[in-house]
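The values are calculated or read from the model by the stated rules, or taken from the named source; none is laboratory data. Predicted model, so just to flag it, every value in this text is computed and none were measured. Neighbour counts are summed over all protein chains in view; Cβ atoms, including those assigned to glycine, are modelled from backbone coordinates with ideal geometry. Ligands, DNA and RNA are excluded from the accessible area calculation, which covers all protein heavy atoms including side chains. Shrake-Rupley method; radii C 1.70, N 1.55, O 1.52, S 1.80 Å.
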Amino acid sequence: MTIDSLDPEDVDAADILGSAIERREDPALLTGNAEYTDDIQLDGMLHMAVVRSQYGHARLEDIDTSEAEAMEGVHGVYTYEDLTSDETPGGGSFALPTAWLLDSLEQVPHPVLASEKVRHQGDGIAVVVAEDRYTARDAAGAVDVAYERLDAVVHPSEAFADDAERLHDDAEGNVAFDWEIGDAEKTADAFADASHTASIDLENQLLIANAMEPRAAVAEYNPGTDELEVAMTTQNPHVHRLLMAGVIGHPEHKLSVRAPDVGGGFGSKIHHYADEALVAWCSMMHEAPVKWTATRSETYLTDAPGRGHETKAEIAMDDDGNIVGLRVDTMANMGAYLSTFAPAVPTYLYGTLLSGQYDIPAIYGHVKGAFTNVPPVDAYRGAGRPEASFLVERLVHLGAKEVGMDPVEFRKRNFVPDDAFPYETQVAVVYDSGEYGKPMDEALELLDYENFREEQERARDEGTYLGVGFSCYIEACGLAPSELAGQLGAQAGLWESSLVRMHPSGTVTAYCGTSGHGQGHGTTYAQIVANELGVPYDSVEVVEGDTDEIPQGMGTYGSRSAAVGGSSLVKSAQKVVEKGKEIAAHQLEADPDDIEFENGEYSVAGAPARSMSMADVAGAAYLAHDIPAEMEPGLEATSFYDPENFVFPFGTHAAIVEVDPDSGEIEIERYVAVDDVGNQINPKIVEGQIHGGIAQGVGQALYEGAEYDDNATLLTGSMQDYAVPKAEHIPEMETESTVTPSPHNPLGVKGVGEAGTIAAPQAIVNAVADALEPFGVDHIDMPMDAESVWSAVQANATADGGAEPAGDDADPGGER
Amino acid sequence: MTEHDITLTVNGAEHDLTVEARTLLVHALRDELGYTGTNVGCESSLCGACTVRMDGEAVKSCTALAVQADGAEIRTVEDLGTRHDFHPIQEGFQEEHGLQCGYCTPGMMMTALDILEENPDPTREEIREGLEGNLCRCTGYQNIVNAVQNAAKEMQPAAVADGGESDDDPTPATDGGEEL
Amino acid sequence: MEFSGTFELEDTTVDEVWLALSDPVLVQESLPGCTFLLHVEAEEADFDELGEQAEGMDRELTNDPEVIAGRAFREGERYAALMQVSVGPVNPTFETVVTIDERDRPRMHASGEGSSGDSSFEMSSSMALSETEDGDGVAVEWETEADVFGKVAGMGQRVINPVANRIVKRFFSSVQEELHDLGVEAVSSSDGDESDDRSLVDRVLGRSKSTDSE
Ligand code: FES
Ligand code: FES
C-alpha cells in the first residue's frame, strides 16, 4: 500500500500526530536553498587537502614537503610533527579516541596523521592548506613520501594467520578483542542432544555507506575570542565536539560544532575521523577559515565501512522441529584502527540479537575482532544487527530444510509466543513487545503464499526457477538505559536531551540533541510537540544540529531519534504543560489539581467556560505580572530522557525471485515488506525510511561490496566499481505495517531507520536458495552476482554428476 | 595555469568571469557564481548530483569544463520555482516524498525534466531507465518514480485541456506496487 | 592483478623477433609514452641524470645485428624507463626500473617497479616466442603480474585493465611495424658460418653470460 501524503493545513490539530503530512524541510531542498557544508563560502577561506598513503601497509621512511610548500598559492604543509610541536596551536592528543571499551580490547593508538607507519590507504600523512581546492590537491600530490612497503592483510582470517604481518606492536596476532555471549556449555549440551543440526559458513561483506554528500568541514577560528566554529557533515554534533576538543586540545566550551544540511549519513557521519579535526586545527594555525571536502575517492578510502564478518554457525533442532540451540563463531573485521563506536558493533549490537524472533533455549556467540589494512570499520546502517539477522534467518532457512518443514511453518513454530513478552533472550536482552505472527501472516496474504508454491512447482516443471525467501527480522533501537550502556563499555550516556521553549506570543521552538540528515525530524518533531502542547503545527519550529543552540545531545544513529529524541521532546513538552497548569490555575483562581488540559486549552474541571489557551498562558508566563509566588517567569523546559530499555521493531520481509541457472541472473519479481515499528508519527516518512533501507539491503544482496587486493589496495574505489544501486536495480516495493506499540516510551514508537537494511539481504538470499534448491544450492555469498550464482549451480551440478536439477528423490523445495 | 574569460548565462542572468582552464563547470557555478543548489557527489560523472540544463539539455556539470560552457545558457535548480510557486516537478517530489536528504534531488529534477521533455507520459520502467545516471542513496527510488509520474500528469497539456480539471486527486500515480 | 595474452606477429621468424626485442632502442620506440629506456650503471637510477644522458645520445633504429648486439639487453642488468601512461583522466609519468632476470631465447623474464608522485607499481613479466602453427609468423606469449598502488590503483580494474591491454597491443603492433620497416633480418644460429657468428648470435640471443668472449 502506498501512503498518500497530506498537506498539513488539511489536518486537524488533534490528528497531527500520526498523519502522513508533507515534509516541511522539502521546500528548501527543492529550491536549492539548502545549505550543505560545501556550500559555505567565507571571506579569506583557505582549502585543505590530505596526502594519503599509496599503500595499504607501509613504513614511512621520509616525508618531503619542500616542493609542495614552494608552490604558488600554498599557505602551509603539515605533518604529525608539526601538529605536536610546541610552536603550533593546540595541545591535544592528536589521536582519535575509541568511545566503547571491552574487557579484552586492545586499544591501539590512532594518530590523526601517520608518522611512522601507514596502516590503510586512507591514512593521512600530511595536510596542505592552499588558496583554492585545486591548488591544495595539486600540492598534496607534490608531497614526496618514501615508503617501505609491508605485507598487508585484508580479511580477519588472514590477519589471524600465524605468519601474518602485524599492524600494531601491541596487538599480538592482530587480535583487537575476544568476546563471547551466552552459555557455551548449555549450548554444547543442546547440540549434543539435538536430533538435527544445520550449519553455515558465510561472509558478510564489507560495505561502504556512500552517502551522496561526501564528508566535509569548514572551520573558522576567531583569534579575538579564541572561539572555534566547525560546520561539518555530522550525525552527532555534541559527540563530535566533545571528542574533537580532546583531539585538537581546544576547550569544549570554546568549540562549537554545527551540522548544516547533511546529505545522508547511514552511520558514516557518526564517527570522529581525522580530517575534520585537521580542518579545525588548520583554521587555528592560519587564523582563517579553512574548508575541506572529501572527493568521492577519498570517501571510498576513508569512510568507515561496515559489516566484514567471516562466520561459522550452527542451529540445532529436536524431532518436532523446535530450535534447541544456536552457536556462532565470528571473526569481525575492525580495520586498521578502532573507530569511534566500532567495538560495540560486532559485539553488543550483534551478539544480543542472535535469538532473532525465536524462542531459543541455548545460544552461544563468540566474536574475535581483527586488525586489518582496510579503513577502520564501524557502524553502517544497521550496524551489527543486519549481520545477526542475516545469520539467524539463513540458519532458520537451512534448519527448516533439514527437518523437512516448510520455512513458514518452521518459523511460526519457533516464534517467541505473543504471551511471552516481555521476553528475555539467552543473549542478555529483554524484548519489549511483539506479535511476530502478525506481519508474517500479512506477508503471506500479500504473497498469496499457497498459490505461489503451486506456481513454483509448475514453473519448475517448465524449467523456470522461482523462489521465495523470508526474513523475519528483529532490530534493537535506542540502546539504553545509560547505566546499562556503561556496563557494556560505552564511554557515553545514551540519553537524549531537548528544550521546548514557548515564546510569549504562543509559538514554540523545540530544540533536540539528535541531528537529522534526511529523516525529516523537522516535521516529525513538530508533529510531536504540536500534539503535546495543543498548538498549531505551524507554530512549532524545530532546531537540531548545533551545539551553540542546543543544550546537549547524543545525535542520530541506531534508529534512536523518534524513540529517544522524540520521547525527550514529549517529556520537555509535558513539563511545559505542567508549569502552564500552575499559571492557569493561578490566573483562573482554581486548584492546579482541578485544571484540565486538552487541545491546547487549560480549563477548570466542571467549568469549561473558565479556560485559558496555551498561548495566553505563555503570554502570562513572560509578562510575569501575575504568576504564582516564587515561580520563575518564562515558559520552557529542558529534559534528559534516558529510556528504560531498547525498543525492538520487527517484521517480515519476503522476496520472490526468478533465477536463471544458465546465466546466473536474478530477477526480483516481488518484494513485500510488513514492518512493525510501533506507533508511527508520520506514516509517509516511515514508508520512505523502509524503502531506502530495503534499497541498501538489496544493494548488499546483489551488488555492493568493498573489494581489496592482496596488498589492501581498494579495487572498488569509485562509483563505477562499487555498484551503488541505480533506479533500475531496485524492485517496486510493496509495504504494509502492523502496529505493536512499545510500552517503554511515551510515544509507543520503536524506530524505523534501519529496518529495511536489516531485513532485505536474507529475504533475497533465502529466495535464491529456494529457487536453486533443485540444484542443491544452499548458500551463495553476497553480493550474488550472475557469476557467483552460475558457479554455485555448476559446482553442485558437477558434484551431482550433471548440470540438470537433482532428481525427484532429492527433496524438491516446493513440495510441502 | 592559463586563465580564460568566459560568459555564462545562468538562469537568465549573464555573468562574465575568469576561470582556469581546468575549472569544472560545477565549480564555476558553485564557487564563483554562488549557485550552490547544484551539488557535487562524485566529480566523475557517475552520480548525477551535479546535473544542470545546458542549452536545453541535461548535462552533468562536473563533466564539462567551465571554458567549454562559454556562451552557454545554464539552468539550475534555483530557476525552477519558489517555495510558494513550485514547478510541477518540485510539487511532485514534495507530494510523493521523493527526497530525504535532498542531496541528489536538484540533479534528479533536472534529469526528470529531460525525461519528460522527451516523453511526456513515461512508464515506470522508462523513468527508471531515464534516471540511470542519477544515484540516490536515501529513497530507494520508488517515490522518485512516483514524483516524476506525478509531475508528468501535472505537466501534460492534454490533461488540462480535456477536462483534467475534473480529476481532483492531487496525488496521482501513487500506486507504487503496480505497473502502469 | 594478472594479465596475459598472446600476440601474433606475421611474416617473421622467432629469431627476427628476438633480435628486435633485444634492442632497447626498438623497444623504446615501440613502447607508447616511453621517453627513454637506458641501461642503469649507477647504484641508484637518477632519472634527471638519465634524462640528460638520453638527450645527449644519438641512437638510431637499425637492422644491423652488430649494432643491436652491442646494446642488447643483458641478463642481470637494470634498465630505466620514463613512461607516461594515460589512465582515465590522469597522465602519470612513471619512473620505472626493470631488471632482466632471465634472457634465454626464446624466453625472457623481467621484474621491476615504477613510481610517479601518487601512484606506483611492482611487476614481474615473462615472455616466450614460438613459431605460429602455420609457420609464417611468431606467437609471443606474455604474462604479467602487477601490483598497482595509489591513485591509479584507486581507479579500479575496469580502468586499469584496458590501459594495460592497450599498451601491450600498441607495443606489439609497433614492433611488427618496425620489423617490417627496417627489414630486420635475423642472424640465425642455424645458418652461416658457425664459428664466426657464434659470439654475435650469442650476444644477441642473450647468452652473454655463458659464452661471451669479451
Ligand atoms: S558530481 Fe557530477 S556526476 Fe557526480
Ligand atoms: S535524497 Fe538523499 S541521496 Fe537522494
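Got a number for residues in region B:126-155 being at the interface with another protein chain (Cβ under 8 Å from one of its Cβ atoms) and more than 16 Å from ligand 1 (Cβ to nearest atom)?
Total satisfying the criteria: 11.
Can you tell me how many residues within region B:88-124 are out of contact with any Cys (no Cβ under 7 Å at 6 or more places or on another chain) and within 8 Å of chain A (Cβ to nearest Cβ)?
13
Which of the residues that make up region A:419-452 are within 19 Å of A:Lys750 (Cβ to Cβ), over 24 Å from the mean Cα position of the chain (by Cα) and open to solvent by less than 70 Å² (accessible area, probe 1.4 Å)?
A:Ala420, A:Phe421, A:Tyr423, A:Glu435, A:Gly437, A:Met440, A:Glu442, A:Ala443 - these are the residues of region A:419-452 that are within 19 Å of A:Lys750 (Cβ to Cβ), over 24 Å from the mean Cα position of the chain (by Cα) and open to solvent by less than 70 Å² (accessible area, probe 1.4 Å).
Give the number of residues within region C:1-57 that are under 14 Å from C:Tyr79 (Cβ atoms) and of a type in the set (Gly, Ala, Ser).
Going through region C:1-57 one residue at a time, the tally reaches 4.
Just to be sure, is C:Gly154 within 14 Å of another protein chain (Cβ to nearest Cβ), open to solvent by less than 40 Å² (accessible area, probe 1.4 Å) and at pLDDT 90 or above?
No.
Assess whether C:Val67 counts as being open to solvent by less than 40 Å² (accessible area, probe 1.4 Å) and either under 30 Å from C:Thr132 (Cβ atoms) or more than 14 Å from chain A (Cβ to nearest Cβ) (or both).
For C:Val67, the condition - open to solvent by less than 40 Å² (accessible area, probe 1.4 Å) and either under 30 Å from C:Thr132 (Cβ atoms) or more than 14 Å from chain A (Cβ to nearest Cβ) (or both) - is not met.
Would you confirm, using the coordinates I've provided, whether A:Glu148 is open to solvent by 40 Å² or more (accessible area, probe 1.4 Å) and in a loop (DSSP other than H, G, I, E, B)?
When the stated conditions are applied, A:Glu148 does not pass them.
Out of (1) in contact with a Phe, Trp or Tyr (Cβ under 9 Å, 6 or more places away or on another chain); (2) part of a strand (DSSP E or B), what's the single condition that is false for A:Phe177?
Checking A:Phe177 against (1) in contact with a Phe, Trp or Tyr (Cβ under 9 Å, 6 or more places away or on another chain); (2) part of a strand (DSSP E or B), the one that fails is (1).
Across region B:28-72, what is the total count of residues that are more than 8 Å from chain A (Cβ to nearest Cβ) and either out of contact with any Cys (no Cβ under 8 Å at 6 or more places or on another chain) or of a type in the set (Val, Ile, Thr) (or both)? Before the answer, list the steps.
Taking region B:28-72 and keeping what is more than 8 Å from chain A (Cβ to nearest Cβ), we get B:28-29, B:32-33, B:45, B:48, B:50-72.
Adding the requirement that they be either out of contact with any Cys (no Cβ under 8 Å at 6 or more places or on another chain) or of a type in the set (Val, Ile, Thr) (or both) leaves B:28-29, B:32-33, B:51-59, B:63-72.
The total comes to 23.
Pairs needed: first member in region A:293-313, more than 23 Å from B:Cys42 (Cβ to Cβ); second member anywhere, basic (Lys, Arg); C-beta distance under 7 Å; at least 6 residues apart or different chains.
Filtered contacts from region A:293-313: A:Ala313/A:Arg327.
Pick from region C:71-92 the residues that are charged (D, E, K, R) and not in a loop (DSSP other than H, G, I, E, B): which of them is modelled with the lowest pLDDT?
Residue satisfying both the conditions and the ranking: C:Arg71.
If we keep just the residues of region B:1-19 that are within 11 Å of chain A (Cβ to nearest Cβ) and open to solvent by 30 Å² or more (accessible area, probe 1.4 Å), which is nearest to A:Asp43 (Cα to Cα)?
B:Met1
For the structure I just gave you, tell me whether A:Arg381 is surrounded by fewer than 24 Cβ atoms within 10 Å (Cβ to Cβ) and not assigned by TED's automatic domain parsing to the domain that holds A:Gln696.
Criteria not met by A:Arg381.
Only one of (1) within 30 Å of A:Ala792 (Cα to Cα); (2) among the small types (Gly, Ala, Ser); (3) over 17 Å from the mean Cα position of the chain (by Cα); (4) open to solvent by less than 10 Å² (accessible area, probe 1.4 Å) fails for A:Gly678. Which number is that?
Of (1) within 30 Å of A:Ala792 (Cα to Cα); (2) among the small types (Gly, Ala, Ser); (3) over 17 Å from the mean Cα position of the chain (by Cα); (4) open to solvent by less than 10 Å² (accessible area, probe 1.4 Å), only one is false for A:Gly678: (1).
Could you check region A:776-791 and list, in sequence order, the residues that are crowded, with 22+ Cβ neighbours inside 10 Å and part of a helix (DSSP H, G or I)?
A:Val789
Any residue in region A:475-486 that is under 16 Å from A:Tyr350 (Cβ atoms) sitting within a Cβ distance under 7 Å of a residue that is in a helix (DSSP H, G or I)? List the pairs, counting only those 6 or more apart or interchain.
A:Glu475/A:Arg385; A:Glu475/A:Ala755; A:Glu475/A:Ile758; A:Ala476/A:Thr352; A:Ala476/A:Leu353; A:Ala476/A:Arg385; A:Cys477/A:Ala563; A:Leu479/A:Ala485
Given the conditions (1) touching a residue at least 24 places away in the same chain (Cβ under 8 Å); (2) open to solvent by less than 20 Å² (accessible area, probe 1.4 Å); (3) not assigned by TED's automatic domain parsing to the domain that holds B:Gln142, and given that B:Arg22 satisfies all but one, which numbered condition is not satisfied?
Result: B:Arg22 passes all but (2).
Among the residues of region A:237-244, is any open to solvent by 40 Å² or more (accessible area, probe 1.4 Å) and more than 22 Å from the chain's Cα centre (by Cα)?
We begin by selecting, within region A:237-244, every residue open to solvent by 40 Å² or more (accessible area, probe 1.4 Å); these are A:242.
Of the ones still in play, those that are also more than 22 Å from the chain's Cα centre (by Cα) are none.
No, the conditions are met nowhere in region A:237-244.
Among the candidates B:Glu96, B:Glu165, B:Glu154, B:Glu91, which residue alone is within 29 Å of A:Gly522 (Cα to Cα) and modelled with pLDDT under 95?
The conditions single out B:Glu154.
Could you identify the single residue in A:Ala277, A:Ala288, A:Ala259 that is more than 16 Å from ligand 2 (Cβ to nearest atom), within 24 Å of the chain's Cα centre (by Cα) and small (Gly, Ala, Ser)?
A:Ala277 is the lone residue from the list that is more than 16 Å from ligand 2 (Cβ to nearest atom), within 24 Å of the chain's Cα centre (by Cα) and small (Gly, Ala, Ser).
Of the residues in region A:486-513, how many are touching a strand residue (DSSP E or B) at 6+ places or on another chain (Cβ under 9 Å) and either surrounded by 24 or more Cβ atoms within 10 Å (Cβ to Cβ) or closer than 28 Å to A:Val677 by Cβ (or both)?
The total comes to 18.
Just one of the numbered conditions (1) closer than 28 Å to A:Tyr350 by Cβ; (2) in contact with a Leu (Cβ under 7 Å, 6 or more places away or on another chain); (3) open to solvent by 70 Å² or more (accessible area, probe 1.4 Å) is not true of A:Ala198; which one?
Every condition holds for A:Ala198 apart from (3).
Please go through region A:718-764 and give me each residue that is within 14 Å of chain C (Cβ to nearest Cβ), open to solvent by less than 30 Å² (accessible area, probe 1.4 Å) and without any contact (Cβ under 8 Å) to a residue 40 or more places away in the chain, ordered by number.
A:Asp721
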